[in-house]
Every structure is written in C-alpha cells, then in structure tokens.
Amino acid sequence: MTNSERPAGDGPGQAVGGQPAAPPGRQARKVIVASLVGTSLEWYDFFLYATASAVVFNRLFFPTFNPVVGTLLAFSTAGIGFVARPLGGIIFGHFGDRVGRKQVLVVTLILMGGATFLIGLLPTYAAIGIWAPLLLGLLRFLQGIGLGGEWGGAVLMTLEHGDPKRRGFNASWPQVGVPVGNLLAAGVLGLLNGVLSEQDFLSWGWRVGFLLSGALVLVGLWIRLTIAESPLFAEVVDHGETSSMPLVEVIKRHPRGILVSMGLRIGTDVAFYTFTSYILVYLTTNLRLSRGIGLTAVLIGSAVELALIPLFGALSDRFGRRPVYAAGVVAAAIWGFVFFPLLDTRSTPLIVLAAVIGLMTHAAMYGPQAAFVAELFSTKLRYSGSAAYQLAGVVSGAIAPIVAIALYQSFGTAYAVSGYVLAMLLITLLAIVCAPETAHADLREEHPDTPVAPNPSPS
C-alpha cells in the first residue's frame, strides 16, 4: 500500500484528527456496525410508512375516497418523504462537510426516530378530520429530511475508514440497512396482521411498529456516539481545507458526478419500489389477494437481498463498479417483464419467487452503488456531492408506485408498468456508460470534473 493510499491512523496509537486511533481493522468494523445499525433503524422507519401506506393509511387517513384513489393519496404522502430527502441532503451535507460526519448522523437519527414515533400517536381522519392527513404529511416530510442526511453520512463513514481495496464492500453495509429496515417493517406489520383481528389491527395494532421506533433509536444513538470521526475528513480539517460553501463548490467542480449519481439512482429506485411497494397494491387491489401474501414475499425477498448486497459490493472491488452495476440493470430490466406474469398466477410460491429474484437484481445494483456515488467526489465535498444523489429520488422512488398505479389504470395491463421500469433502467445504464471507473481511485487526490483555474502567479 502506498503512503497516499494508507488510511489515517494506520499504526497502533497513531492520532487521527488530534485523537488517538484504534487499530484500523477494529475501528473499521466498529464503524460498519454503527452505520449498519443506525441505517437499518432509519430505513425501518421509512419503510414502515411505505408499507402502511399500502395496507393501512389509505383506509384510516383517506377513508372518503374509493380504494384506488385512497391508495394513490396514501402513496402521495409517502412521496413527500422523497421530496424532502434532497433538502435534508443539502442541509446535512453542508454541515457534514463543515463540522464532520459523526455529529450529523446523531442528529438525523433523532429526527427520523422522533417523527416515526409521533406517527404512531397520530389521530386518524375519523377523529380530527382533514388535520389527520395533513399532520401525516408533515411527519413524513420530517422523516425525509432525516433520511436525506443519513445516507451520505453513513456511507462516508464506512467508505473513509479501513482498507481502500475494500471500499465497495465496506460501503455496502449501510446499503444492507435497506433490506434490514424493510425486513423489520414488513415483519412487524406482518406479525401484527397475523396475530390480530382485522378490526384490532386497523384500530391500534398498526401503531405498535411506529411506537417501537422510540426504543430502537436509543439503541442506535448509543452505538453511534461511540465511534470516531472519519479519518479522511479529519485530515481535511487538520489541513484547513474545509469548504465554506460546499454545495456551491461541488456544483462547480463535479457537475458530471452530480448528473451520474442521479442517473445511477433513477432506474434502481423505480425497480426497487415496483418489486417491494407496488407489489402490495397489485396483489391486494388488482388480484384481490390477502395482504399477508405480499408482505411475506417482500419479507423473504428482503432476507435474500440482505445477504447479497455485501457480496456485490465485494465483487465491485474486484471487477469494478461499472460492470457489476450494469449486470444488475440488465437483469432487473428483463425481470420486470417476468415479474407480473408470476404474480398473475396467484400462486404464493411463484409470488415469493417474483419478489426474491426482483430483489436479487436490485442487490447487484445497490451493492456497488454507495461506493460508486461517493467516489465521484473529492473528500472535502463528498457529503454535499452525495446529497445530490437524493435529488433523483423525487423523480424515481417518490412517484414509482403512483406512476405504476396510473399506468395500470390507463392501459389495463401490467406490461405498461414493466415498460416504465425498463425506460428508467435505460437512464441508469446511460449513467453507467458516462461514469468513470472509480473502484481504484485514490480518495486523497482531487479529481474535479472541470479544470480548476490556477492561482495567478505574481508578476
């Protein structure tokens, strides 16, 4: 390993940013665990809302509309979280590049958990009328602000610790928080749905999952407060190189990185929310099947994806980010046309198979995604640059279930939804083609997309 590649604090007792460093391997593992636990809790909160939108909120907060319109409105409030995520990314990205990754991650966890806990206490439409969906939307907005700042910080903490040759693997662990959170959300609601009567579940049972968030956040905070700051960011601080306006500077210096990171997300998100959220709507609304079947399928698929994301992250370290990511895009595009015919069989094993393979294709994209996006930007601007990735969520994950519902209503066939997934994945494939290979880039070196004008030499 060259000196330029050596992590700060590489030797026992060596200081990192003015503080004693733990042995690098142990510190990296500790950071990975902290990021995984915190991110899992944040995504649990986020997915709990999305899952409840499909099976609860349409009936309790929008009861005056027919089932299809009520579901659309419920998913619209879910989409508010995606609109808020870029704002959260900008706000917390600024402070993450100014004061550090660790402090920001503590704040985002508190914000996300607090909003989720309050949703569990929220009165329904029957109790307070129009204020119920309005307050629901506000709390979803706060969830989005928290998650928008969470993702970048968790990824950067894992990316900037440890062995540079394992960045894809290390940075994939916050991504594992997505299926873990989805698993927890679907599992909690599935368990409550299975042990409670329909009346009890809709009356109070659905609230339990949201109220649990309060206790889970305390666990996440305890873990996060024990980790050290990113060594690469500590070097930036020690050298006095932090940016006063990181968002402005990242737009000037990394325009291609911003566009590529947005493109990488669009198709990935649309495929994911089709395979995990729209499946619940399609099975319950169009096929009139029990919501438990869809929840079970998503639960099993998330468990499989959980194991595969680090594998694909590690493969991207060996073969590069671009080829692994592209393979996932092609597989997801093909599976989009197999997915709905399997659901139409109404066979539970085939429905589970549809969800499992769909999430396997997503894992191939999502495993290398974190490192791929973060490596597009220089260290002092990386948090703000990664926040730009959140912008793509507004036109992808935020509206994917809504677009899917509208397409099916307009064309009367799920192949219209498959075509939509294909079109969005083609955008992601184009982003991969335009992206540089970043797997072996030195994160200590500046790689601006646009030339930086040299300082004028003195006359």
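Where a number appears in this text, it was derived from the coordinates with a stated rule and is not lab data. Only a predicted model underlies this, so the values are computations on that prediction, with no experimental measurement involved. As a convention, Cβ positions derive from the backbone with ideal geometry for all residues, glycine included, and neighbour counts pool all protein chains shown.
Points to keep in mind about this one:
- Cβ-to-Cβ counts within 10 Å put PHE340, PHE312 in ascending order as PHE340, PHE312, the fewest first.
- An ellipsoid equivalent to the chain, defined through the eigenvalues of its Cα gyration tensor, has semi-axes of 37, 24, 20 Å when rounded to whole angstrom and sorted largest first.
- The 3J(HN,Hα) values that the Karplus relation (6.51, -1.76, 1.60; θ = phi - 60°) gives for region 265-271 are, in residue order, 8, 4, x, 4, 5, 4, 4 Hz. Gly and Pro appear as x.
- Spin-label model, VAL330 to LEU218: label points 7 Å out along the Cα-to-beta-carbon direction sit 5.1 nm apart.
- Principal-axis tilt of helix 321-344 within the chain, Cα atoms, nearest 10 degrees: 0 degrees
- Separation of alpha-carbon centers, region 255-314 and region 359-433, rounded to whole Å: 11 Å
- Proximal lysines relative to LYS252, as straight alpha-carbon distance under 23 Å, when same-chain residues fewer than 8 apart are discounted: LYS380
- Cross-link partners for LYS30 among the lysines, with Cα-Cα distance under 22 Å and sequence neighbours closer than 8 places in the same chain left out: LYS102, LYS165.
- Look at TRP335, TRP131 and count the other Cβ atoms within 10 Å of each Cβ; fewest to most, that gives TRP131, TRP335.
- For the listed peptides 87-96, 100-109, a ranking on the average number of other beta carbons within 10 Å per residue, highest first, reads 87-96, 100-109.
- Loop sites in region 348-447: GluC sites (Glu not before Pro), DSSP, at most 15 other Cβ within 10 Å: GLU437, GLU445, GLU446
- Sorting 165-173, 293-301 by their mean Cβ neighbour count within 10 Å, with the most densely packed peptide first, gives 165-173, 293-301.
- Helix-only arithmetic for the chain: the sum of -39500 (n - 2.57) across DSSP H runs with n ≥ 4, divided by the residue total, places the mean residue ellipticity at 222 nm at -23500 deg cm²/dmol.
- From phi via Karplus (6.51, -1.76, 1.60), per-residue ³J(HN,Hα) for region 347-364 in Hz, x at Gly/Pro: 8, 4, x, 6, 5, 4, 4, 4, 5, 4, 5, x, 6, 5, 5, 5, 4, 5
- Counting charges near TRP151 (Lys, Arg +1; Asp, Glu -1) among other residues having Cβ under 10 Å from its Cβ returns a value of -1.
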